[in-house]
Amino acid sequence: MLIKKLPEKNVQQLFYAILSLQTQVECMAFFDDLCTMNEIRAFIQRLEVARMLLEGYTYEGIEAETGAASATISRVNKLLHYGSNGYQMSLDRIDKKL
């Protein structure tokens, strides 16, 4: 895990801060302060790429719909198969809410 390469105290602080958020409005305010618009766009794009890959879209279809580079699509695909299962877990949970 990449996170293991970062200072443990700082990692814990970040994730405890995220876990402390109680509403979507609080979450949006936190990430609005924490991230640039481009960083948030990148998060949104990667999550959408993951959703589309899981639904069986082709790289070409994903690229056309999201504007993601093939390298981004490939990286997300690799993480879906060999990562920590974060994309799948999150998408399964939010699918029930949307």
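Would you check if there is a residue in the range 18-26 being at pLDDT 95 or above, surrounded by 11 or more Cβ atoms within 10 Å (Cβ to Cβ) and either in a helix (DSSP H, G or I) or of a type in the set (S, T, Y) (or both)? Looking through the range 18-26, at least one residue is at pLDDT 95 or above, surrounded by 11 or more Cβ atoms within 10 Å (Cβ to Cβ) and either in a helix (DSSP H, G or I) or of a type in the set (S, T, Y) (or both). Residue-level check: of (1) closer than 14 Å to T66 by Cα; (2) exposed (fewer than 14 other Cβ atoms within 10 Å of the Cβ); (3) in contact with a helix residue (DSSP H, G or I) (Cβ under 9 Å, 6 or more places away or on another chain), R41 misses just (3).
Please determine, by comparing only the residues of the range 87-98 that are in contact with a helix residue (DSSP H, G or I) (Cβ under 8 Å, 6 or more places away or on another chain) and within 19 Å of I40 (Cβ to Cβ), which one is surrounded by the fewest Cβ atoms within 10 Å (Cβ to Cβ). Outline the logic, then answer.
Within the range 87-98, the first condition is being in contact with a helix residue (DSSP H, G or I) (Cβ under 8 Å, 6 or more places away or on another chain), and the residues that meet it are 87-88, 90-91.
When the remaining residues are screened for being within 19 Å of I40 (Cβ to Cβ), the result is 87, 90-91.
Details: Y87: 20, S90: 13, L91: 16.
Within the range 87-98, the match that is surrounded by the fewest Cβ atoms within 10 Å (Cβ to Cβ) is S90.
Condition (residue is over 21 Å from F15 (Cα atoms), surrounded by 17 or more Cβ atoms within 10 Å (Cβ to Cβ) and of a type in the set (K, R)) applied to the range 78-85: is it met by at least one residue? There is no residue in the range 78-85 that is over 21 Å from F15 (Cα atoms), surrounded by 17 or more Cβ atoms within 10 Å (Cβ to Cβ) and of a type in the set (K, R).
The condition (being assigned to a helix (DSSP H, G or I) and under 18 Å from D95 (Cβ atoms)) is satisfied by just one residue among R51, R75, R41: R51.
If a residue has to be among the polar types (S, T, N, Q) and in contact (Cβ under 8 Å) with a residue 40 or more places away in the chain to count, how many in the range 66-98 make the cut? Reasoning before the result, please.
From the range 66-98, those among the polar types (S, T, N, Q) are 66, 70, 72, 74, 77, 84-85, 88, 90; that's our starting set.
Now restrict to residues that are in contact (Cβ under 8 Å) with a residue 40 or more places away in the chain: 84, 90.
Residues that pass the stated criteria total 2.
The values are calculated or read from the model by the stated rules, or taken from the named source; none is laboratory data. What you see is a predicted model; the values in this text were computed from it and never measured. Methodologically, a virtual Cβ is constructed for each residue, glycine included, from the backbone with ideal geometry; neighbour enumeration extends over all protein chains shown.
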